[in-house]
Amino acid sequence: MAIKAAIFDLDGVIVDTAKYHYLAWKRLAGELGFEFTEKDNERLKGVSRMRSLEILLEVGGLSGKFSEEEMLDMAARKNGWYVEHISRMDESEILPGTVECLRGFRNLGIKTVLGSASKNAMLILSNLRLAPYFDAIIDGTKVSKAKPDPEVFLLGAKEAGVKPGECVVFEDAQAGIEAAKRAGMKAVAIGNPDDLSGYDRIYRGLFEVKPEEIIKI
Ligand code: BG6
Ligand code: MG
């Protein structure tokens, strides 16, 4: 089936927000009295906010120690610190090749879609001045099931008016690659072959992606 839409994850594909998520989670861990390393943070990539908190508490040996209300409060505090960081972002933080890639797909008549788990996606896109580059934007405020559930990508295909089999997804997280495959879409991984599996193609970044080749996969 010919490719008619390219769906992009945000964090780790278009922008490196993992460092800001890390600073905020580390601060929360510090308040709770334990160390949270960058290696631990790898486990949070592509994972929803509440699931990330559960993993963080697991790392600190604090699983099951807090009420739902306390958990929501901790997640809200973490998000407040995270938002402080992303509020200061600008176009200089767009990862190399992003704009060329988005333009390249559009020049070929391919729809461009954002498919992110983040509830902060609109703030980031607006600071990066990238919103006009997308035909449809699906973020964490529009979906109820986290990746690897395919909901976010299926909704993206629907909003773009194309079939799932006509989509290619760009993802840096294993949960996202799985979500793309479950949706019946092609998956292009962004990252290191040692950390990811199950993809159709892999590149180090969007700067290596050639839209005219991708539409033939
Ligand atoms: C994903 C990130 O894109 O969004 C995760 O990879 C993050 O690390 C998730 O937890 C949810 O983000 P937010 O901004 O809604 O807390
Ligand atoms: Mg990601």
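The numbers here are math on the coordinates, done by the rules we state, and not lab data. This one's a predicted model, so the numbers in the text were calculated from it and none came from an experiment. Cβ: placed from backbone, ideal geometry, glycine included. Neighbour counts: every protein chain shown.
Rounded to the nearest 0.05, what FRET efficiency is calculated for residue 163 and residue 208 with R0 set to 30 Å and r the Cβ-Cβ distance?
Details: r = 27 Å, r/R0 = 0.90.
According to the calculation, E is roughly 0.65.
For segment 110-217, the square roots of the Cα gyration tensor eigenvalues, ordered a ≥ b ≥ c, give a/c below 1.5, which places it in the rounded category. Near residue 111, the amide H atoms lying under 5 Å from its own belong to 5, 6; only residues 5 or more places off or on other chains count, and H is placed 1.01 Å from N.
Taking a ≥ b ≥ c as the square roots of the eigenvalues of the Cα gyration tensor, segment 151-192 is classed as prolate, since a/c reaches at least 1.5 and a/b is larger than b/c. Couplings 3J(HN,Hα) for segment 206-217, derived from phi with the Karplus relation 6.51 cos²θ - 1.76 cosθ + 1.60 (θ = phi - 60°), are 4, 4, 9, 7, 10, x, 5, 7, 4, 5, 9, 6 Hz, where x marks Gly and Pro. For segment 10-138, the alpha-carbon radius of gyration amounts to 1.18 times the rule-of-thumb value 2.2 N^0.38 Å expected for a compact globular protein. The Cα trace of segment 18-86 gives Rg and Dmax of 10.8, 30 Å, the first to one decimal, the second as a whole number. The string of couplings for segment 7-13 from the Karplus curve (6.51, -1.76, 1.60, θ = phi - 60°) is 10, 10, 5, 9, 5, x, 10 Hz, one whole number per residue in order, with x for Gly and Pro. Extending 7 Å from the Cα toward the beta-carbon at both residue 66 and residue 27 defines two label points whose distance is 1.5 nm.
Once a ≥ b ≥ c are taken as the square roots of the eigenvalues of the Cα gyration tensor of segment 123-163, is the result rounded (a/c under 1.5), prolate (a/b larger than b/c) or oblate (a/b not larger than b/c)?
In terms of gyration-tensor shape, oblate.
Dipole of segment 18-86 computed with +1 at Lys/Arg Cβ and -1 at Asp/Glu Cβ about the Cα centre; of 28, 41, 64, farthest Cα towards the positive end is 41. Stokes-Einstein diffusion for the chain, with the hydrodynamic radius set to the Kirkwood value over Cα pairs and evaluated at 37 °C in a medium of 0.692 mPa s, equals 186 µm²/s.
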